[in-house]
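Structure, as structure tokens:
Read-outs: derived from the displayed coordinates by stated rules, not from any lab. Nothing here was measured: the structure is a model prediction, and the numbers come from that model. A quick note on method: Cβ atoms are made from the backbone with ideal geometry, for glycine too, and the neighbour counts reach across all protein chains shown.
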Amino acid sequence: MANDYILETQGLTKEFKGFVAVNEVDLQVRRGDIHALIGPNGAGKTTYFNLLTKFLQPTRGRILFKGEDITHEKPAQTARRGIVRSFQISAVFPHMTVLENVRAALQRGLGTSFHFWRAESSLHPLHERARELLVQVGLEDFADELTVNLPYGRKRALELATTMALEPELMLLDEPTQGMGHEDVGRVTQLIKKVSAGRTILMVEHNMNVVSSIADRITVLQRGAVIADGPYEEVSRNPQVIEAYMGSADTELQGAH
């Protein structure tokens, strides 16, 4: 059923001076799924995300969100619909506390800019919601810590909390476990699983252990085109996918079963 899909792209294509970065991508993200977008370096994953969030305009093709064509909307319009991207860069204020970061995101969600000059007391109603979000990502004990002092994996958890503060319907996670040690990868993977309740997640991810453990569906890109789409068990056995990953240093398909 078409209305099962929260996001759909039809023939989405992006060309840069003759180079086709995204090539006729048809992709359907089912409401409530964790959907992983994978592929070797240079496969077009980041360009595809940039098209979804309107940092780039497509050469051709369409983007549908909840059945509505949003292809030519401005980035702010698309964000207001509840499509929120996280982890692309560290999106937190390092010299504010953990709680203040979440509160700032909550203010953005209310459509008010962050008023540094407002009386502290006027922000108290946001405290309770901010603390709830910190509990959800396991940061309640770090509320008064300066963000700059957080370990890397905890900063990523804070980014997840600030993304959730914007009440996204569709969360786009860009390499959520990149640069993490084994312990942090495990923690953040479980967090993604936890916060996916009642939301849809589309994530670009290199770590196949992460993908195999939490993704409901996987789409594989190579040279900008879809070469496989389906559950992990099916995709990981696809000869084209195995060939695409052979000799690729950054990803191991095998051993992730």
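Tabulated values for the structure
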{"item": "Q222 long-range amide H proximity, modeled H, under 5 Å", "result": "I227"}
{"item": "Residue-by-residue Karplus 3J(HN,Hα) for region 62-71, coefficients 6.51, -1.76, 1.60, Hz, glycine and proline x", "result": "10, 10, 10, 10, 6, x, 9, 6, 10, 3"}
{"item": "Helix axis angle, 98-109 relative to the chain longest principal axis, alpha carbon, degrees", "result": "70"}
{"item": "Candidate lysines - alpha carbon under 28 Å from K193, same-chain residues fewer than 8 apart omitted", "result": "K45, K54, K66, K155"}
{"item": "Size of charge dipole - the chain - debye, nearest 20, with Cβ of Lys, Arg +1 and Asp, Glu -1, no other charges", "result": "660"}
{"item": "For peptides 33-43, 155-165, sequence by mean Cβ density within 10 Å, most packed first", "result": "155-165, 33-43"}
{"item": "Mean Cβ neighbour count within 10 Å, used as a protection proxy, ranking 171-179, 24-32 highest first", "result": "171-179, 24-32"}
{"item": "Computed lengthening from E15 to R223, 0.36 nm per intervening residue step minus Cα-Cα distance", "result": "73.7 nm"}
{"item": "In sequence order, calculated HN-Hα J values of region 240-245 (Karplus, 6.51, -1.76, 1.60; Hz; x Gly/Pro)", "result": "5, 5, 4, 5, 4, 8"}
{"item": "Amide H contacts under 5 Å for Y5, placed H, 5+ residues apart", "result": "R31"}
{"item": "Cut-off 11 Å, label 7 Å out along Cα→Cβ of E234, residues of region 36-68 by amide N", "result": "none"}
{"item": "Cα gyration tensor category, rounded, prolate or oblate, for region 1-111 with a/c compared to 1.5", "result": "prolate"}
{"item": "K194 paired with E24, simple spin-label distance in nm, labels 7 Å along Cα-to-beta-carbon", "result": "4.4"}
{"item": "Residue (of A165, H72, V204) at the positive-pole extreme of the chain, dipole from beta-carbon charges", "result": "H72"}
{"item": "³J(HN,Hα), Karplus 6.51/-1.76/1.60, whole Hz, each residue of region 154-162, x for Gly, Pro", "result": "6, 4, 5, 5, 5, 4, 5, 5, 5"}
{"item": "The chain - mean residue ellipticity at 222 nm from DSSP helices (-39,500 (n - 2.57) per run, n ≥ 4, rounded to 500)", "result": "-9500 deg cm²/dmol"}
{"item": "E145-H124 pseudo-label distance in nm [points 7 Å out on the Cα-to-Cβ vector]", "result": "2.7"}
